[in-house]
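These notes are about the structure you will find just below.
What follows is calculated from the coordinates using simple rules that are stated; it is not laboratory data. Everything numeric in this text was worked out from a predicted model, so none of it was measured. In this analysis, Cβ positions are derived from the backbone assuming ideal geometry, glycine residues included, and neighbour counts consider all displayed protein chains.
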Amino acid sequence: VSAPAGQPVHEFASQTALVTGASSGIGCAIAVALAARGAHVCVVGRNESKLATVAARCETHGVRVINRRADLVSEVDVAQIEADCRRTFGRLDILVHSAATMSIGRVADASVSDFDCLYQINLRAPYRLTQAMLPLLRSSKGQIVFINSTLALTSKGGFSQYAATKHGLKALADSLRDEVNADGVRVLSVYAGRTATPMQMTLHELEGRRYDADRLIQPDDIASIVLHALAAPRSIEITDIATRPLQAPR
Ligand SMILES: NC(=O)c1ccc[n+]([C@@H]2O[C@H](COP(=O)([O-])OP(=O)(O)OC[C@H]3O[C@@H](n4cnc5c(N)ncnc54)[C@H](OP(=O)(O)O)[C@@H]3O)[C@@H](O)[C@H]2O)c1
């Protein structure tokens, strides 16, 4: 796709996107990047003020924005998101699952209620939201992106609960792809390595490491590879992208 010199490329113009976890980190970067390339976006998160800031950044690109405060664990909120997209956009081309939470602890003594919480947010919520949005995505031959983690590919001590939910998310994406490709729907898993976001900052604190954002992947760089994959020619499906910071952790 080309545009006159100095003009932004709007390869997602007239497309619509729903981005969860849009109030922070990677989801925020993806929502703003999609809006900058012409997509109308529905931004979903729980923190009202952070969500309003992201919605305003998207609006500066002249696209329509739905600002939907929602807890993805709530069935009522999921139904509301679907109804908003149907009523305001009438279609959905791109669904990005970025919302998640993380906890660390050894299997021997980690809290089972933390595990239940991670399951609800990291695995059950993307499953349920995908179910709700699938009719719209099927009719637009849309695309679904799961922001996953390299811990879904190789787990480590201390991360059993988070990694188990992310392994499950990979299984969900792989099964779904097999089910929806025939309808022209593409499914992408992005396995992010350590990325400079609030979640990673908290993890550094829990691990007792010094947080040095410059040595980590930048959220805008994850957004740029996601958009690259979403814009790929329709004869190709990019199924999985694994990333890691170029520099080793200190
Ligand atoms: N950062 C990393 O190093 C890294 C590495 C590998 C994978 N990932 C994955 O990348 C994705 C994005 O993470 P991030 O680093 O950008 O984290 P983040 O900055 O902590 O953002 C997490 C987002 O999830 C939302 N969220 C959490 N629980 C929710 C719920 N119940 N309902 C609705 N929204 C909820 C948060 O919303 P509110 O803040 O509004 O509550 C926030 O927008 C996650 O899937 C994460 O597992 C991150």
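Things to note:
- Among the candidates 223, 192, 182, 173, the residue that is touching a residue at least 60 places away in the same chain (Cβ under 8 Å) and closer than 21 Å to residue 92 by Cα is uniquely 223.
- Flag if residue 182 is away from the ligand (no atom under 12 Å from the Cβ) and surrounded by fewer than 18 Cβ atoms within 10 Å (Cβ to Cβ): yes
- Applying the criterion of being more than 7 Å from the ligand (Cβ to nearest atom) and not in a loop (DSSP other than H, G, I, E, B) to the residues of the stretch 14-27, the residue that is farthest from the chain's Cα centre (by Cα) is 16.
- Taking each residue of the stretch 72-89 that is farther than 18 Å from residue 16 by Cα and looking for partners that are near the ligand (Cβ under 10 Å from one of its atoms) and acidic (Asp, Glu) with beta-carbon atoms closer than 7 Å, six or more apart or interchain, yields 77/71.
- Residue count, the stretch 32-47 (criterion: closer than 21 Å to residue 201 by Cβ, out of contact with any Gly (no Cβ under 9 Å at 6 or more places or on another chain) and free of Cβ contacts under 8 Å to residues at least 60 places away in the same chain): 2
- The lone criterion from (1) under 30 Å from residue 175 (Cβ atoms); (2) within 19 Å of the chain's Cα centre (by Cα) left unmet by residue 236 is number (2).
- Among the residues of the stretch 188-207, just one is surrounded by fewer than 17 Cβ atoms within 10 Å (Cβ to Cβ), closer than 15 Å to residue 100 by Cα and more than 8 Å from the ligand (Cβ to nearest atom), namely 201.
- Whether a residue is part of a helix (DSSP H, G or I), of a type outside the set (Ser, Thr, Tyr), free of Cβ contacts under 8 Å to residues at least 40 places away in the same chain and within 12 Å of the ligand (Cβ to nearest atom) was assessed, and residue 54 passes this test.
- Applying the criterion of being under 19 Å from residue 96 (Cβ atoms) and free of Cβ contacts under 8 Å to residues at least 40 places away in the same chain to the residues of the stretch 150-170, the residue that is nearest to the ligand (Cβ to nearest atom) is 152.
- The stretch 30-51: number of residues that are surrounded by 23 or more Cβ atoms within 10 Å (Cβ to Cβ) and either basic (Lys, Arg) or within 8 Å of the ligand (Cβ to nearest atom) (or both): 2
- Of note, residue 230 satisfies the criterion of being buried (at least 17 other Cβ atoms within 10 Å of the Cβ), touching a residue at least 60 places away in the same chain (Cβ under 8 Å) and more than 12 Å from the ligand (Cβ to nearest atom).
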